[in-house]
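Chemist: The structure is given below, and queries will be raised subsequently.
Read-outs: derived from the displayed coordinates by stated rules, not from any lab. It should be emphasised that the depicted structure is a prediction, and the values quoted were computed from it without experimental measurement. Here the Cβ positions follow ideal geometry from the backbone for every residue, glycine too, while neighbour counts run over all protein chains shown.
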Amino acid sequence: MLNEERIVLMTHMASYENGEGKKNVKIGNYFRSDYIAVQVLKSVVCGTIAYAVVFALYIFCDFETFMQDLYKVDLLAFAKNILIYYGIFMAVYAVLTYAVCTYRYAKAKKNLKNYYHNLKKLNSFYNEQK
């Protein structure tokens with residue numbers, strides 16, 4: 001005999017498994033600190049590459065002026081300013097990544113908890129039928 005509640009539950013769970021559930025299972029396989037650390041590390045690497053590309057584009061945009069002013073500029077102060085801006089950029093980017101990943105992890109864990117609760121509920125439907 002068909003149980004409508006069980007069919008609705010199974011359909012909802014299958015939809016979750018095929019969509020958002022795949023990402024949540026990958027996230028749920030990590031401990032919270034490990035997931036966040038890996039994501040922040042990846043964002044630092046990507047942020048460094050992005051900063052280098054943007055800096056190179058800035059320099060190459062007006063390369064002739066840069067080369068003319070190169071001998072007039074204090075290179076240590078210039079390098080210090082670049083590193084300070086890099087540090088500020090990376091700190092802000094890492095904090096934003098930490099916040100986003102913390103939110104994603106909490107949301108994934110909540111959804112997985114709900115999914116496992118539904119699995120137990122589905123199991124109880126089958127046990128009642130026996």
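Chemist: Which whole DSSP H helices in the chain pass both tests: a Cα extent of 20 Å or more along the axis and a mean Kyte-Doolittle value no lower than 0.5? It would help to have the intermediate numbers written out before the result.
Modeler: On the way: long enough: 4-18 (21 Å, -0.43); 32-61 (42 Å, 1.40); 75-129 (79 Å, 0.01).
Passing helices, by number: 32-61.
Chemist: Based on DSSP H runs of at least 4 residues, each adding -39500 (n - 2.57), what is the mean residue ellipticity at 222 nm of the chain after dividing by all its residues, to the nearest 500 deg cm²/dmol? Mind dumping the intermediate values first?
Modeler: Values: 5 runs with 116 residues, N = 130.
That comes out to -31500 deg cm²/dmol.
Chemist: Using only Cα atoms, what is the ratio of the radius of gyration of the stretch 1-108 to 2.2 N^0.38 Å?
Modeler: On the way: Rg = 23.6 Å, N = 108, 2.2 N^0.38 = 13.0 Å.
Computed over Cα atoms of the stretch 1-108, the ratio equals 1.81.
Chemist: Still on this structure, I have one more. If the limit is 19 Å between Cα atoms, which of K22/K107; K42/K113; K23/K120 go over it? Display every interim value, and only then the final one.
Modeler: On the way: K22/K107 14 Å; K42/K113 27 Å; K23/K120 21 Å.
Flagged as over cut-off: K42/K113; K23/K120.
Chemist: Pop the C-beta distance of I88 and N114 into the FRET formula with R0 = 41 Å and round what comes out to the nearest 0.05. All intermediate terms of the calculation are to be shown ahead of the outcome.
Modeler: Values: r = 40 Å, r/R0 = 0.97.
Between I88 and N114 the formula returns 0.55.
Chemist: Please give the FRET efficiency for T48 paired with K26, using the beta carbon to beta carbon distance and R0 = 22 Å, rounded to the nearest 0.05.
Modeler: In this case the efficiency is close to 0.35.
Chemist: Mind checking the log10 I(q)/I(0) for the stretch 43-90 at q = 0.25, 0.26, 0.31, 0.32 Å⁻¹? Debye, one equal scatterer per Cα, no solvent, two decimals.
Modeler: Cα-only, vacuum Debye calculation for the stretch 43-90: -1.00, -1.03, -1.13, -1.14.
Chemist: Relative contact order for the chain: what is it in percent, counting Cα pairs under 8 Å that are at least 6 residues apart?
Modeler: The value is 54 percent.
Chemist: For the stretch 88-102, list residues with backbone N below 16 Å from a point placed 7 Å from the Cα of A37 toward its Cβ?
Modeler: Residues passing the 16 Å test: 98, 102.
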